[in-house]
Amino acid sequence: MKRQIKNNVYWIGKIDWELETFHGADYSIDNGSSQNAYLIQEEKTVLIDTVWKPHSTEFIDNLKSEVDLEKIDFIVMNHGEIDHSGSLPALMEKIPDTPIYCTANAVKSLTGQFHHPEWNYKVVKTGDSIDIGNGKKLVFVEMRMLHWPDSMATYLTGDNILFSNDAFGQHFAVEELFNDKADTCLLWTEAQKYYANILNPFSPLVKKKVEEIQALNLPIDIIAPSHGAIWRDNPLQIIEKYYEWSQDYQENQITIAYDTMWEGTMQLAHKIGSEITRLSPDTKVKIFNISKADKNDIMTEVFKSKAIALGSPTVGQNILSSVGGWLDFLKELKFTKKKAAVFGCYGWSGEGTKLLRGRLEEAGFEVVEPEIRCNWNPTEEVFQKAETLAEALCH
Ligand code: FEO
C-alpha cells in the first residue's frame, strides 16, 4: 500500500527484509533493503521509479489499488538499473503509451535490457522541468556516474523533495521508512558501506555534484533515495557526509587483511596489529582473514583507514587466489591517499610480497618499507620487523 511521505507524495516500493545479496552476490546485505518507488498525485499523476522484477506483480497490484493505471500521466525513471526498472516491462504492457522521462543514457540502458525502443521516451537533462499542477514542478538533475552514466535525480518544488535514486541510499530495511525512525547506528553503518562499496570510485564526481547541488541553493526538506531510509530529519546531513567521504576520507584506523595457509602469515598479521596498538594506542586496528570475513565489510574498513597491511603466503609462485580476487575489488574501488605495507610467509620461491606490492601500487596505494618476507614460520627476529612496519604505517 502507498504510504504518505508529504502532502500528495507517497512511497510505493518494496521493503525486502529477506534480501541477502545485491549485484548478484557482489554486495552482502545484512539488514534487509528496499526498493523505493514514489507516487505523486497532484493535477498530474507521476510514478518515480519502479521495483525489481521479482516484486513486479506485488508492485503493480499495489499501484492498481491506489490509482487507475490509465491515470498515470507519466513515469520518471531516474536510473535504468534493474532494481528500479525491473517492473517497467510489466507496467508498460498495461499502459504502453505512457511517457517515460529519463536521461539519454537511460534510454540506452532500458532499451538494452528490455528491448522496447518503441516506448514513449522523453529525454531530459539537468535543468529541464515538467509542470505537474497545483503550482508544482519536477526539475531534473543529471547525476552522471552516481553511480551509472544514466543516473539522475528529480526535485519536486513546493514540497522540496529530492528524489535522489541510489545516491544517499543504503541497503537497509526500515519498516517505518524515515531516518528518524531507524536505528541510527545501523543507518550510518549501511550508508557508509554503500558509499565505500558503490560510490567511492566516483568520489571526484560526488564532490562536484554536491557542490553543484549546494550552489543551486534549493530548499530541501526531504531526500528520498531509492534504497533504505528516507532522510526527513536534517536531510542535509547525508549530503554533508557525502562531501566529507568524497575527499580522501580517512580516520585514525589501520586495517590488516590477510589470508594464510599454515598460519605463519596469520601470526604476522596479529603481531603487526599488536605492534600498532602498542606504538599508537589511539589508532583503531581491525584484522580480517580475507577468506572468512565479508569482503564488503573489509572494504568499508579500508575506506575508513589511513593505511592497510596486506598479507599472503606465496603459493605456486603467486599469492593466494582469495587475496588476488580481493585485490581486484580493491583496485575497482579507487581508494586515494592511503598507505599500505605487505607481508607473507613462503617456503620456496617467495614471490608473494613482491606481487602484493605491485598490485597495491596499481590500486593507488603508497606501499611503504619495510615489508616482511618470511621464509617458513616467523622467528623472533622476523616478528621484530613488525615494529618497524607498524611504525611506517602509523606515521
Ligand atoms: Fe544502481 Fe539501486 O541501482
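Quick notes
- For the range 141-150, the candidate set comprises residues that are under 24 Å from THR189 (Cα atoms) and not aromatic (Phe, Trp, Tyr); within that set, the residue that is most open to solvent (accessible area, probe 1.4 Å) is MET145.
- Yes/no for THR184 being away from the ligand (no atom under 16 Å from the Cβ), open to solvent by 10 Å² or more (accessible area, probe 1.4 Å), without any contact (Cβ under 8 Å) to a residue 60 or more places away in the chain and over 30 Å from ILE298 (Cα atoms): no
- Total residues in the range 82-109, condition over 19 Å from ILE60 (Cβ atoms) and either buried (at least 20 other Cβ atoms within 10 Å of the Cβ) or within 11 Å of the ligand (Cβ to nearest atom) (or both): 5
Residue-by-condition table, conditions (1) over 15 Å from GLY13 (Cβ atoms); (2) in a loop (DSSP other than H, G, I, E, B); (3) not hydroxyl-bearing (Ser, Thr, Tyr):
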| site | (1), (2), (3) |
| --- | --- |
| SER34 | no, no, no |
| HIS55 | no, no, yes |
| LEU63 | no, no, yes |
| GLY80 | yes, yes, yes |
| ALA90 | yes, no, yes |
| THR98 | yes, yes, no |
| ALA106 | yes, no, yes |
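- Check on THR126, modelled with pLDDT of 95 or more, open to solvent by 10 Å² or more (accessible area, probe 1.4 Å) and within 23 Å of PRO201 (Cα to Cα): yes
- All positions within the range 229-288 that are more than 30 Å from PRO313 (Cα to Cα) and either in a helix (DSSP H, G or I) or in contact with a Cys (Cβ under 8 Å, 6 or more places away or on another chain) (or both): LEU236, GLN237, ILE238, ILE239, GLU240, LYS241, TYR242, TYR243, GLU244, TRP245
- Looking only at the range 130-147, and only at residues there that are in a strand (DSSP E or B) and aliphatic (A, V, I, L, M), the one that is nearest to the ligand (Cβ to nearest atom): VAL141
The values are calculated or read from the model by the stated rules, or taken from the named source; none is laboratory data. Computed from a predicted structure; not experimentally measured. When we count neighbours, we look across all protein chains shown, and the Cβ atoms used for this are built from the backbone with ideal geometry, even at glycine. Quick note on the areas: whole protein, heavy atoms, side chains included, nothing else; ligands and nucleic acids left out. Shrake-Rupley method; radii C 1.70, N 1.55, O 1.52, S 1.80 Å.
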